[in-house]
Amino acid sequence: QVQLVESGGGLVQPGGSLRLSCAASGSIFSRDHMGWYRRAPGKQRGWVATISRDGGTNYADSVKGRFTLSRDNAKNMVYLQMNSLKLEDTGVYYCNFVPPRVANWGQGTQVTVSS
């Protein structure tokens, strides 16, 4: 079973940047669509972005133009570059497949945007 481990979160001021990383174990990673999800305070977890097995990307309207998703299949890594961060980007960010698999929800990585 593939395990996913998120990292790279932290505290950043509005307008700042962070790069999240997702490390995947397992050789089937390159055949899967991957995504990032976010649980904002007091809200349910929601979809943020998808990257297909071929590298095509889709983004939620709220992050379009600010976030960039990429993957390195050789390293089994997925990255989320977050620029121009806003207060409302605060939350716990999770990496998972698209569609997500219940067994693969990890601990996530906390992103806090605050002045």
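Considering only 91, 36, 102, the residue lying farthest towards the positive end of the dipole of the stretch 8-103 is 102, judged by Cα position with unit charges set on Cβ. Within the assembled protein chains, the solvent-accessible surface assigned to residue 17 is about 60 Å², based on a 1.4 Å probe. Could you check how much of the accessible area of the chain is carbon and sulfur, as a whole percent, using a 1.4 Å probe? Result for the chain: 48 percent of the exposed heavy-atom area is carbon or sulfur. Each of 16, 65, 55 was scored by the projection of its Cα onto the charge dipole of the stretch 14-69, and the greatest displacement toward the positive side belongs to 16; charges sit on the C-beta of Lys, Arg, Asp and Glu. Per-residue extension of 0.36 nm, minus the Cα-Cα distance of residue 31 and residue 44, leaves a gain of 1.9 nm for this segment. Residues in the chain average 52 Å² of solvent-accessible surface per residue, probe 1.4 Å, ligands and nucleic acids excluded.
The values are calculated or read from the model by the stated rules, or taken from the named source; none is laboratory data. Quick caveat, the model's predicted, so the values are computed rather than measured. Note: ideal-geometry Cβ built from the backbone for every residue, glycine included; neighbour counts use all protein chains shown. Ligands, DNA and RNA are excluded from the accessible area calculation, which covers all protein heavy atoms including side chains. Shrake-Rupley method; radii C 1.70, N 1.55, O 1.52, S 1.80 Å.
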